Amino acid sequence: MRAIIFANGEFADPQGARRLLRHDDFIIAADGGTHHALAAGVVPHVIVGDLDSLPPDEQARVEAAGSQIIRFLPRKDETDLELALQHAVREGATEIIILAALGGRLDQTLANVLLLALPELRGLDVRIVEGTQMAFLIRDECDGALVEGQPGDTVSLIPLGGDAVGVTADGLEWPLHEDTLHFGPARGVSNVLTAEHAHVRVRRGLLLCVVTQASGQVDK
């Protein structure tokens with residue numbers, strides 16, 4: 001089951017987001033992400049959060065359309081997007097696409113990206129999609145990840161939480177073989193796809209993979 005989560009970051013291209021949607025997607029809005037879902041032409045199945053960013057008229061509109069609202073108290077440890085991700089997992093999602101997770105406040109943007117490392121997302125296909133950019137996490141317990149795109153697309157591999165050890169990457173202009181990407185230096189930024197597929201594996205650590213299309217819109 002594929003879940004689409006609308007966060008409450010910047011959302012510059014509702015039409016582009018609409019092209020990603022499938023008729024059987026499970027739509028979740030993280031609080032003010034409801035506005036973005038409506039702009040993309042869909043009514044969320046579920047709205048999660050403290051609702052401090054959801055205007056009363058929009059709340060009434062989605063409730064009338066059948067949306068389930070799961071409301072939390074404002075004094076909570078999790079962000080609304082984190083709660084939305086947890087809900088998607090509980091509902092059985094095996095693939096999750098997060099929209100409108102970037103832009104605006106830097107702290108929120110960083111926190112949203114780091115949510116990819118949540119333990120409960122282990123083994124799931126979870127991606128942040130923003131225009132021509134897509135970000136996902138490559139973990140060390142798997143056999144690696146397939147990076148898809150077109151020749152000329154930019155691929156950045158950024159270690160999270162410490163050094164990424166034993167990184168092997170094929171299908172890139174600057175291939176890697178059992179290399180260490182140290183936490184901090186930007187060595188893994190701005191590599192380039194040489195084919196439609198690349199394969200990246202890390203023996204120990206976490207790698208954030210960001211693919212930026214040379215042209216067009218991410219098609220997932």
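The values are calculated or read from the model by the stated rules, or taken from the named source; none is laboratory data. The model shown is predicted, which means the values in this text are computed figures rather than measured ones. Here the Cβ is made from the backbone with ideal geometry for all residues, glycine too, and neighbour counts use every protein chain on show.
For the stretch 3-16, give me each residue that is touching a strand residue (DSSP E or B) at 6+ places or on another chain (Cβ under 8 Å) and either polar (S, T, N, Q) or at pLDDT below 90 (or both).
Asn8
If only one of Leu121, Leu114 is crowded, with 17+ Cβ neighbours inside 10 Å, under 14 Å from the mean Cα position of the chain (by Cα) and at pLDDT 95 or above, which one is it?
Leu121
Given the options Pro55, Pro14, Pro44, name the one that is touching a helix residue (DSSP H, G or I) at 6+ places or on another chain (Cβ under 9 Å) and surrounded by fewer than 15 Cβ atoms within 10 Å (Cβ to Cβ).
Among Pro55, Pro14, Pro44, only Pro55 is touching a helix residue (DSSP H, G or I) at 6+ places or on another chain (Cβ under 9 Å) and surrounded by fewer than 15 Cβ atoms within 10 Å (Cβ to Cβ).
Yes/no per residue for (1) of a type in the set (Phe, Trp, Tyr); (2) assigned to a loop (DSSP other than H, G, I, E, B); (3) at pLDDT below 95:
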position: Asp143; (1), (2), (3): no, yes, yes
position: Gly152; (1), (2), (3): no, yes, no
position: Val155; (1), (2), (3): no, no, no
position: Ala164; (1), (2), (3): no, no, no
position: Val167; (1), (2), (3): no, no, no
position: Val210; (1), (2), (3): no, no, no
position: Ala214; (1), (2), (3): no, yes, yes
position: Val218; (1), (2), (3): no, yes, yes
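Could you say which residue among Glu82, Glu63, Glu95 is at pLDDT 95 or above, closer than 24 Å to Asp52 by Cα, surrounded by 12 or more Cβ atoms within 10 Å (Cβ to Cβ) and outside the structural domain of Gly188 (by TED's automatic domain parsing)?
Glu82
Hey, among Val155, Val126, Val167, which residue is outside the structural domain of Glu82 (by TED's automatic domain parsing), crowded, with 22+ Cβ neighbours inside 10 Å and closer than 30 Å to Glu10 by Cβ?
Val155
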